[in-house]
Amino acid sequence: MEIEKIKKEIVLEMDNAADSAAVEKLRIKYLGRNGEINSLFKKLKDLPVAERRKIGPKLQSLKSELGALFSNRLEVSKKTSVAASVDLTAPAKKVSKGHLHPLTLVDAEIRRIFLGLNFSVVEGPEVESEYYNFDALNVPANHPAREMWDTFWLKQEARDKRPETKLLLRTHTSPVQIRYMEKNNPPFQIIVPGKVFRYEATDASHEVNFYQLEGLMVGKNVSLANFKFVVEEFFKKFFRGQKIEFRYRPGYFPFTEPSVEVIIKLPAHGGALPDGGRGASGGENRWLEVMGAGMVHPKVFEYAGYNPRDWQGFAFGVGIDRLAMIKYKIPDIRMFYSGDLRFIKQF
Ligand code: DAH
């Protein structure tokens, strides 16, 4: 038996195999259970013992050598056949990436602007007590002003039914004013972005939950003039490049005196934008209320433990969703919460 010759022939055949299927076929032909190498082993027993001793080990090493050659060769031909089936000139598939929600973008932008004005960002709880959401903001029980905020009251365990622990979903971010002042001394300036909840029917400009940004600046001589500067600086940066017409008008909030509202004229081509709920009418020249503000009421300072003769300050609360609606000309607040990717993907 000429082992070397057999090996050369097999290697030649292997080199000529067109693809991995052909290589595999060859492997079975030679190394399979009924393959040619095994039948050579069977023939060994017909040889004289001396021959058998000589050829046996050679055949054995041929078998293992071929095993290695075949598996190498199989790997190579698999790789080359994948490469051959890939069209390297074809345009790449677009990867569909996730991205930020418009309200997240606006929230980040607002924080950035106020940080630039030396405000700090503070947060507070969404489940709030009646005390912080109303009483300490000078809205006692039975005060008609409570009707300004349709409230989700939370069911409570019997043992919690003490009036001072009545719980609700905060209807505005204003309770964080009290929480912050209880623990910090003036002067300071903070903003409080956060989610708020109202037990209301939804429409194009009202949602059951939405976002507000509270602002509070307290010091020895803080005045409405400072408020005006901060708000106008904020609008200038937030509506960069967009022409925005806005106005102050007198308002009423139990926690500020005097109180003002800031209204923004809707962009002319934003015809489908919601009216502000109060005072706005259809068509052009509609104004949307985006912010309530004023000088902090002395009672609020007293609740927070400050002497109102020592300190004064302004506070404001702005609807983040409404600002986003104006900035991006979005006609319906409910779109933000629809989870509709066709809407979300535009940002
Ligand atoms: N909390 C008010 C609301 O949700 C908005 C507001 C008005 C906040 C005047 C203030 C403020 O801080 O001074 O309707």
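The values are calculated or read from the model by the stated rules, or taken from the named source; none is laboratory data. Given the structure is predicted, the values throughout are model-derived calculations rather than measurements. FYI the Cβ positions are ideal-geometry reconstructions off the backbone, even for glycines, and counts take in every protein chain you see. We work out accessible area using only protein heavy atoms, side chains counted, and drop any ligands, DNA or RNA first. Shrake-Rupley method; radii C 1.70, N 1.55, O 1.52, S 1.80 Å.
Using unit Cβ charges (K, R positive; D, E negative) and no other charged atoms, how large, in debye to the nearest 20, is the dipole of region 199-254 about its Cα centre?
Values: 8 positive and 7 negative charges, 96 e Å.
It comes to approximately 460 debye.
To the nearest 500 deg cm²/dmol, what mean residue ellipticity at 222 nm is calculated for the chain from DSSP H runs of n ≥ 4 alone, each contributing -39,500 (n - 2.57), summed and divided by the residues? Mind showing how you got there, number by number?
Numbers: 11 runs with 134 residues, N = 347.
My calculation for the chain gives -12000 deg cm²/dmol from helical runs alone.
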| task | Ratio to report: Rg/Rh of region 3-85, with Cα atoms as the point set and Rh obtained by the Kirkwood method; give two decimals. | result | 1.07
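Quick check for me: using +1 on Lys/Arg Cβ and -1 on Asp/Glu Cβ, what's the dipole size of region 3-85 about its Cα centre, in debye to the nearest 20? Before the final figure, lay out each step's value.
Details: 18 positive and 11 negative charges, 85 e Å.
The dipole of region 3-85 has a size of about 400 debye.
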| note | Of all trypsin sites (Lys or Arg not before Pro) in region 302-334, the ones in DSSP coil with at most 10 other Cβ atoms within 10 Å are Arg309
| query | How many angstrom lie between the C-alpha centres of region 217-242 and region 178-200? | reply | 18
| remark: With the dipole of region 3-85 defined by +1 on each Lys or Arg Cβ and -1 on each Asp or Glu Cβ, the option from Leu74, Ser20, Leu47 whose Cα lies farthest towards the positive pole is Leu47
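Using only alpha carbon pairs under 8 Å that are at least six residues apart, calculate the relative contact order of region 3-85 and give it in whole percent. Working shown, then result.
Working: 42 pairs, mean separation 32.1, N = 83.
Worked out over region 3-85, it gives 39 percent.
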| note | Using alpha carbon positions and the Kirkwood radius, the Rg to Rh ratio of the chain is 1.48
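Within the chain, which DSSP H helices have Cα atoms that stretch 15 Å or more along the helix axis and a mean Kyte-Doolittle hydropathy of at least 0.5? The partial results should precede the final answer.
Numbers: long enough: 3-16 (20 Å, -0.41); 20-31 (16 Å, 0.17); 49-85 (53 Å, -0.33); 102-116 (21 Å, 0.70); 224-238 (21 Å, 0.39).
Qualifying helices: 102-116.
Would you work out what percent of the accessible area of the chain, with all protein chains in place, is carbon or sulfur (probe 1.4 Å)?
Values: 10580 of 19720 Å².
Answer for the chain: carbon and sulfur cover 54 percent of the accessible area.
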| field | Sequence-separation-based contact order of the chain, relative, with Cα cut under 8 Å and 6+ spacing, percent | value | 15
| query | When we measure straight from the Cα of Lys220, which aspartates and glutamates land under 13 angstrom away, once same-chain ones fewer than 8 places off are left out? | reply | Asp310
| note | Percent relative contact order for region 126-223, counting Cα pairs under 8 Å at least six residues apart, stands at 28
| query | Expressed as a whole number of Å, what is the distance separating the alpha-carbon centroids of region 58-107 and region 313-330? | reply | 51
| field | Sequence-distant lysines (8 or more away, or on other chains) whose Cα lies within less than 19 Å of Lys25 | value | Lys7, Lys8, Lys63, Lys78, Lys79
| remark: Cα-based Rg then Dmax for region 304-347, in Å, read 18.4, 54
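Accessible area per residue of the chain at 1.4 Å probe, in Å²?
Details: 19720 Å² over 347 residues.
Accessible area per residue: 57 Å².
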